[in-house]
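K.L.:
Please find one structure pasted underneath; my questions will follow.
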Amino acid sequence: METTRRQFLGASATLTAAAAPSPLLPTIRLGKYEVTRLILGANPFYGFSHFNRLLDQHMLEWSTPENVIKTVRACEENGINTWQLSDARRGLEDIQRYREQGGKIQWILLSSRRMEEDLSWIPKIARMGPIGIVHHGGTTDRRWRAGEQGKIQDFLKVVRDSGVLVGLSTHNPLVVEEVESRGWDIDFFMTCVYRITRTEQEIVNLLGQRPLGEVYLPQDPPRMFRAIRQTRKPCLAFKILAAGRLTDSPESIDRAFRTAFENIKPTDAVIVGMYPRYSDQVRENVERVRRILGQS
């Protein structure tokens, strides 16, 4: 009887240990917050595949509120403490639902058109509890090209006044360099390693023709990585997997992660969207980052 009891207690302890959350991944500092160097992205959850409408629909079909929340919970359990989402589709509803269910994950919000055109939305959304609000990269690049830097700064000032961290996203390394040189009042950048917001004419001038779909050029990441290293601000690098184009093998994914971490500053992080429909991408990516960063 005693042997059976001892065996039962031992098995229970093993199960408890297996269910315990993993330690946090290595972190960086954003303002007063500790943010893991791997941040969960949100594009796959809300059908932004950056490939085609069929893949968008495929992602949306799987990304029910239940599956999204399950994935976010897995991130917390595996050592990720921050989620970057956008004010689009169901994002705010999902983070509210998750927090109401006891989830503790921090979140950073990327702006939407409604926030950019009506700045009164910013303080309203800030009261919901993001640690930071970011001016959308596509809008940044469009406004920068049109000479509307003042509109970007108006947005950023309202974010500052709302009491949360101020972020600026861009796909253009020149924007990072200009903002840095002008001393804009921001706390961090979100930096796309591929410059996917070139105009059609810019692409034609560069390539002599206009390829179909979004253009991902291998010459782009080194240029953005250089801008990331030169700015004193923390940078959150995104699209390190070229919106899924570099995921054909574990080796390809490893190379992309390693390239990113070897070329950003120790005070920077990466944002990666996850779509764990066919494999445990959360666990795989966390293990990959621990291995690359030398964390056992």
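K.L.:
With (1) in contact (Cβ under 8 Å) with a residue 12 or more places away in the chain; (2) assigned to a loop (DSSP other than H, G, I, E, B) as the list, and ARG210 as the residue in question, which single condition is left unmet?
P.N.:
Tallying (1) in contact (Cβ under 8 Å) with a residue 12 or more places away in the chain; (2) assigned to a loop (DSSP other than H, G, I, E, B), ARG210 fails exactly one: (1).
K.L.:
Follow-up question, since we're still on this one. Anything in region 100-136 that is over 18 Å from LEU168 (Cβ atoms) and of a type in the set (Val, Ile, Thr)? List them, or say none.
P.N.:
The initial filter retains those residues of region 100-136 that are over 18 Å from LEU168 (Cβ atoms), namely 100-106, 114, 118, 120, 123-124, 127-129.
Listed by number, the list holds a single entry, ILE105.
K.L.:
Follow-up. Name the pairs: first residue in region 220-232 and small (Gly, Ala, Ser), second residue part of a helix (DSSP H, G or I), Cβ to Cβ under 6 Å, at least 6 apart or on different chains?
P.N.:
Between residues of region 220-232 that are small (Gly, Ala, Ser) and residues that are part of a helix (DSSP H, G or I), the close pairs are ALA227/PRO173; ALA227/VAL176; ALA227/GLU177.
K.L.:
Scan (1) outside any helix (DSSP H, G or I); (2) under 16 Å from the mean Cα position of the chain (by Cα); (3) of a type in the set (A, V, I, L, M) for the single condition VAL289 breaks and write down its number.
P.N.:
(1)
K.L.:
Let me ask another. Could you list all residues from region 121-150 that are open to solvent by less than 50 Å² (accessible area, probe 1.4 Å), over 30 Å from ARG73 (Cα atoms) and not aromatic (Phe, Trp, Tyr)?
P.N.:
Once the filter is applied, which keeps residues that are open to solvent by less than 50 Å² (accessible area, probe 1.4 Å), over 30 Å from ARG73 (Cα atoms) and not aromatic (Phe, Trp, Tyr), region 121-150 yields THR139, THR140, ASP141, ARG143, GLN149, GLY150.
K.L.:
Still on this structure: Across region 104-119, which residue is most open to solvent (accessible area, probe 1.4 Å) among those that are assigned to a loop (DSSP other than H, G, I, E, B) and either at pLDDT below 95 or hydrophobic (A, V, I, L, M, F, W, C) (or both)? It would help to see each step written out before you state the result.
P.N.:
Step one: of region 104-119, the residues assigned to a loop (DSSP other than H, G, I, E, B) are 104-105, 111-112, 118-119.
Among the residues that remain, those that are also either at pLDDT below 95 or hydrophobic (A, V, I, L, M, F, W, C) (or both) are: 105, 112, 119.
On the way: ILE105: 0, SER112: 18, LEU119: 54 Å².
In this case the residue turns out to be LEU119.
K.L.:
Tally time: how many residues in region 64-85 are surrounded by 21 or more Cβ atoms within 10 Å (Cβ to Cβ) and either without any contact (Cβ under 8 Å) to a residue 24 or more places away in the chain or part of a strand (DSSP E or B) (or both)?
P.N.:
Of the residues in region 64-85, 4 are surrounded by 21 or more Cβ atoms within 10 Å (Cβ to Cβ) and either without any contact (Cβ under 8 Å) to a residue 24 or more places away in the chain or part of a strand (DSSP E or B) (or both).
K.L.:
Which of (1) modelled with pLDDT of 95 or more; (2) out of contact with any Lys or Arg (no Cβ under 7 Å at 6 or more places or on another chain); (3) closer than 19 Å to ARG142 by Cβ is the odd one out, the single condition ILE186 does not satisfy?
P.N.:
(2) is the only condition that ILE186 fails.
K.L.:
Please go through region 190-222 and give me each residue that is among the basic types (Lys, Arg) and open to solvent by less than 70 Å² (accessible area, probe 1.4 Å), ordered by number. Break it down stepwise before answering.
P.N.:
Of all residues in region 190-222, those among the basic types (Lys, Arg) come to 195, 198, 210.
Selection gives ARG195, ARG198.
K.L.:
If we scan region 185-205, do we find a residue that is touching a helix residue (DSSP H, G or I) at 6+ places or on another chain (Cβ under 9 Å), over 21 Å from VAL289 (Cβ atoms) and in a helix (DSSP H, G or I)?
P.N.:
Checked against the condition, which is being touching a helix residue (DSSP H, G or I) at 6+ places or on another chain (Cβ under 9 Å), over 21 Å from VAL289 (Cβ atoms) and in a helix (DSSP H, G or I), region 185-205 yields no hits at all.
K.L.:
Restricting to region 139-174, what's the tally of residues that are under 19 Å from the mean Cα position of the chain (by Cα) and either farther than 14 Å from GLU117 by Cα or at pLDDT below 95 (or both)?
P.N.:
Going through region 139-174 one residue at a time, the tally reaches 11.
K.L.:
Please specify each residue of region 157-176 satisfying the condition of being farther than 15 Å from PRO130 by Cα, in a helix (DSSP H, G or I) and in contact with a strand residue (DSSP E or B) (Cβ under 9 Å, 6 or more places away or on another chain).
P.N.:
Result: LYS157, PRO173, VAL175, VAL176.
K.L.:
Looking only at region 40-59, filter to residues that are among the aliphatic types (A, V, I, L, M) and either modelled with pLDDT of 90 or more or under 18 Å from the mean Cα position of the chain (by Cα) (or both); which one of those is farthest from ALA74 (Cα to Cα)? So that I can check it myself, show each step before the final result.
P.N.:
Kept after step one, since they are among the aliphatic types (A, V, I, L, M), are these residues of region 40-59: 40, 42, 54-55, 59.
Now drop any that are not either modelled with pLDDT of 90 or more or under 18 Å from the mean Cα position of the chain (by Cα) (or both), which leaves 40, 42, 54, 59.
Numbers: LEU40: 11, ALA42: 14, LEU54: 27, MET59: 18 Å.
Within region 40-59, the match that is farthest from ALA74 (Cα to Cα) is LEU54.
The values are calculated or read from the model by the stated rules, or taken from the named source; none is laboratory data. Here the structure is a predicted model, which is why all the values come from computation and not from measurement. Glycine gets a Cβ as well: all are built from the backbone with ideal geometry, and neighbour counts include every protein chain shown. Heads up: the accessible areas ignore ligands, DNA and RNA and are worked out on the full protein's heavy atoms, side chains in. Shrake-Rupley method; radii C 1.70, N 1.55, O 1.52, S 1.80 Å.
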